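Heads up, the thing below is written out as C-alpha cells.
The values are calculated or read from the model by the stated rules, or taken from the named source; none is laboratory data. Bear in mind that the values here come from a model prediction, so they are computed numbers and not experimental data. Neighbour counts are summed over all protein chains in view; Cβ atoms, including those assigned to glycine, are modelled from backbone coordinates with ideal geometry.
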Amino acid sequence: MFENADLSLVDWSRAQFALTAIYHWLFVPLTLGLSFIVAIMETIYVKTGNEEWKRITRFWMTLFGINFAIGVATGIILEFEFGTNWSNYSWFVGDIFGAPLAIEGILAFFLESTFVAVMFFGWNKVSKKFHLLSSWLVAVGANLSALWILVANAWMQNPVGMVFNPETARNEMVNFWEVLFNEVAVGKFLHTISSGFLLASMFVLGISSYYLIKKREILLARRSILISGIFGLLSSLLVVYTGDFSAKTLAKAQPVKFAAFEALYEGKQKAGLVAVGILKETDKHIGNTAVNEFAFRIEIPGFLSVMTSGDRDAFVPGIYDLVNGNQSRGILPVSEKIDRGTKVRNMLEEYKTARKNNDNARAEELATMFRDKKFNDENFRFFGYSFLKSPDEAIPDVKVAFYTFHLMVMLGFLFILEFLLAIFFLFRGTLEKHRWFLWAALCSILLPYVAGELGWVLAEMGRQPWIIQDLMPVSAAVSQISTGSVITTFVLFAVLFTLLLVAEVSIMIRQIQIGPKH
Amino acid sequence: MNRLISSFARIFRFYYDGFSSMSWWGRRVWAIIIIKLIIIFIVLKIFFFPDFLHRKYKTEEQKSKYVLEQLTKSL
C-alpha cells in the first residue's frame, strides 16, 4: 500500500492507539451520563426539600466523583500519540484537529477546576440553588467537552470545511461552522452522548438492583431505579433514533463502511436489513480480498433502503458497486479514484520540484489549483487513493464491521427491554419479587460498556484503510519511529490503564458496599 | 483591594476546607490523580512521547518539507 511503511510499525501504532482509546472510553461515558442523573436527582431534592433525595444525590455523586477522578487525563495520552506515532497525520490535519481539541482542553480545565469543586466541597457552603447550578454545569460542560473530541473524530470520517495548502503540506480550516455542523459530527455527538446516558442509567439500575437483592437501602434503590429507568428508556430510544440518523449520513459519507456493516456485496433496490446473520468466507475474491457470504440470516425486507433515504425503493450500493464502480448509479470505480489521487500526488511532486528549482510561477499556479473548489471536489478528495496498490485495499474488514454493528444493535434493543421492565415492575410494586430481573440488571452493568466499545471499533475499523476518509491511509500517517519503542509504550499503557481500572473498580465496589453515609 | 483579598481568602478557605475534610475515597482518588499525572506528564511525555517532528526539525518550513517528502516519496 505504502511502499516505505513498515507494516508491523503501523499495526503496533494502531494497536497502541486502540488500547488507549478503548481504556479511555471505559471512564468517559459514565461521566457523561451520571452527571445528568445526579443533576436530575439534585433538582428533585431542591424542588421538594426532601432530605432523602439529598442523600441519594450525594451517594451517586460519590460514584461519579470516583469515576471522574480516575478517568481524568487518560485522554491526553491519545494527543501524545498523535505527535509521536502519527506525526504525518498530525501535521497534515493540524489546523483542523487543533482547534476543537484546544477548545476541549480549555473547557475541561475551567469546568474541572471550578464547578466540580463546588459540587463536592460546596454542600452547606454555597446556596442550594448555586450548588444545583454547578451540578448542571458540570453535566453540560462534560458533554460539551465531548462534543469537540467528537467533532474532530467526525472530521476524520467526513473531512469538510478545509483546503489543502501545498506550501505547508497542511489542510487549513476555511469554514469552522462546516466542521462543527458536519452531518457526521451531529449524528456522532448525539449518538455518543445518548449512549453514555444509557450506560449510566444501566449502572444506576444495576447497583440499585444489588441493594434490592441485599434487601438494604430500599428507598434509595427504588427512587434511583425510577430515575434511571425513565432516563435510561428515553436515552435508549434516543440512541436508536440517532443511530438511524448516523446510518443515513454514513450511507452518504462512508458508503463502503455502510455496505460492510451489512455485508452487502451486490447493490440493490428494496435492500433488506439483516437482523441476525452468520458470515462464512467463500472462494470468491475481489482482488486479494476474500468475499463473505451468509451461512444464515434473518432479514427485514426493504428496511436498509428505508434507513438510507426513507424510501423503500432506494438503491443501496454494495461493495462490488463501490469497488468496481456502477456507471448507471454514478458511482466511480476505485481504480478511477486511484488515478485521480495519483494525479494529485504527481502535482504535489511537481510543486515540490518547482519550489526546489525556484520556479515560483509554476509553484503558485499549482498552489492556486489546490485552492480551487472544483479541483478539490473532483480530484483532491481522492488523494488518499494514490497510496493504494489495488482497488480491494479500499474494503474494510467486513466480518469485523458486520459483527460489531449487529451485536451493538442487539444490545441496544435489550437495554430498551430492561428499562421498560424496570419501570413496569416498579409501578406495579413487584420489583423486589422479580429477583431474576434484579440479577439480570446487576449483570447488565457491563453490557453498555461492551456496546459502546463495539461502536467505536465499528467506527474506526470500518473506516479502514483510512485514517482520514479518502484523504490519507493509516500507513501514510504513521511516524517513522522504531517498532520497539511503540511496543514498549503499548505494554506501559496496558499496565498503567489496568492499574487505574483496578483502582477504580475496587474503590467503587468498596463505596457501594458502604452505601450512602450522609 | 480589601474585597479582592477577601474574595481570594474565601476561595482559598473553600478549597482548604474541602481538601482537609475529604473522605477516605477522596484522599485515595487524589493520590491516584497525582501519581497518574506525574506518570503521564513527566515519565510518559518526556521519556516516551517526544513530538516527532519537533525533535527532528526546528522550523515550520522544515517540518512542512519533511511531510511533503513523506507524502510524495513512493512515486
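Annotations
- Complete set of residues in segment A:331-355 that are under 26 Å from A:Lys284 (Cβ atoms), away from chain B (no Cβ under 14 Å) and not acidic (Asp, Glu): A:Ile331, A:Leu332, A:Pro333, A:Val334, A:Ser335, A:Lys337
- Residue in segment A:344-354 that is farther than 24 Å from A:Met461 by Cβ and loosely packed, with under 15 Cβ neighbours inside 10 Å present: yes
- Subset of segment B:13-32 that is within 7 Å of chain A (Cβ to nearest Cβ) and surrounded by 15 or more Cβ atoms within 10 Å (Cβ to Cβ) - its residue that is nearest to A:Gln513 (Cα to Cα): B:Trp25
- Some residue of segment A:480-501 being under 30 Å from A:Arg216 (Cβ atoms), surrounded by fewer than 21 Cβ atoms within 10 Å (Cβ to Cβ) and away from every other protein chain (no Cβ under 14 Å): no
- Of everything in segment A:313-358 that is over 31 Å from the mean Cα position of the chain (by Cα) and among the small types (Gly, Ala, Ser), the residue that is nearest to A:Phe382 (Cα to Cα) is A:Ser328.
- Considering (1) surrounded by 15 or more Cβ atoms within 10 Å (Cβ to Cβ); (2) under 21 Å from B:Glu69 (Cβ atoms); (3) free of Cβ contacts under 8 Å to residues at least 24 places away in the same chain; (4) not β-branched (Val, Ile, Thr), the lone condition that A:Phe387 does not fulfil carries the number (3).
- Evaluation of A:Asn67 against (1) closer than 24 Å to A:Leu190 by Cα; (2) surrounded by fewer than 19 Cβ atoms within 10 Å (Cβ to Cβ); (3) within 12 Å of chain B (Cβ to nearest Cβ) (one fails), failing number: (2)
- Scope segment B:46-75; condition in contact with a helix residue (DSSP H, G or I) (Cβ under 6 Å, 6 or more places away or on another chain) and either part of a helix (DSSP H, G or I) or facing chain A (nearest Cβ under 9 Å) (or both); matching residues: B:Phe48, B:Phe49, B:Asp51, B:Phe52, B:Leu53, B:Lys63, B:Val67, B:Leu68, B:Gln70, B:Thr72, B:Leu75
- Residues considered: A:Leu133, A:Leu144. Of these, the only one that is closer than 30 Å to A:Met461 by Cβ, surrounded by fewer than 20 Cβ atoms within 10 Å (Cβ to Cβ) and of a type outside the set (Phe, Trp, Tyr) is A:Leu144.
- Residue among A:Ala367, A:Ala361 that alone is out of contact with any Ser or Thr (no Cβ under 7 Å at 6 or more places or on another chain), in a helix (DSSP H, G or I) and more than 14 Å from chain B (Cβ to nearest Cβ): A:Ala361
- Qualifying positions in segment A:300-346 - in contact with a Leu (Cβ under 9 Å, 6 or more places away or on another chain) and of a type in the set (Phe, Trp, Tyr): A:Phe303
- Residue check, A:Ile395 in contact with a helix residue (DSSP H, G or I) (Cβ under 9 Å, 6 or more places away or on another chain), surrounded by fewer than 20 Cβ atoms within 10 Å (Cβ to Cβ) and of a type in the set (A, V, I, L, M): no
- Considering the conditions (1) within 9 Å of another protein chain (Cβ to nearest Cβ); (2) of a type in the set (Val, Ile, Thr); (3) more than 26 Å from A:Ser195 (Cβ to Cβ); (4) in contact (Cβ under 8 Å) with a residue 60 or more places away in the chain, A:Val118 is excluded by exactly one of them, (4).
- Set A:Thr62, A:Thr57, A:Thr114: member being closer than 23 Å to B:Gly18 by Cα, in a helix (DSSP H, G or I) and modelled with pLDDT under 85: A:Thr114
- Only one of the numbered conditions (1) away from chain B (no Cβ under 11 Å); (2) at pLDDT 85 or above is violated by A:Ala102, and that is (2).
- Once segment A:306-324 is narrowed to residues that are among the small types (Gly, Ala, Ser) and at pLDDT below 95, the residue that is farthest from A:Val256 (Cα to Cα) is A:Gly310.
- Within segment A:174-199, the set of residues being buried (at least 19 other Cβ atoms within 10 Å of the Cβ) and within 30 Å of B:Gln62 (Cα to Cα) comprises A:Val179 only.
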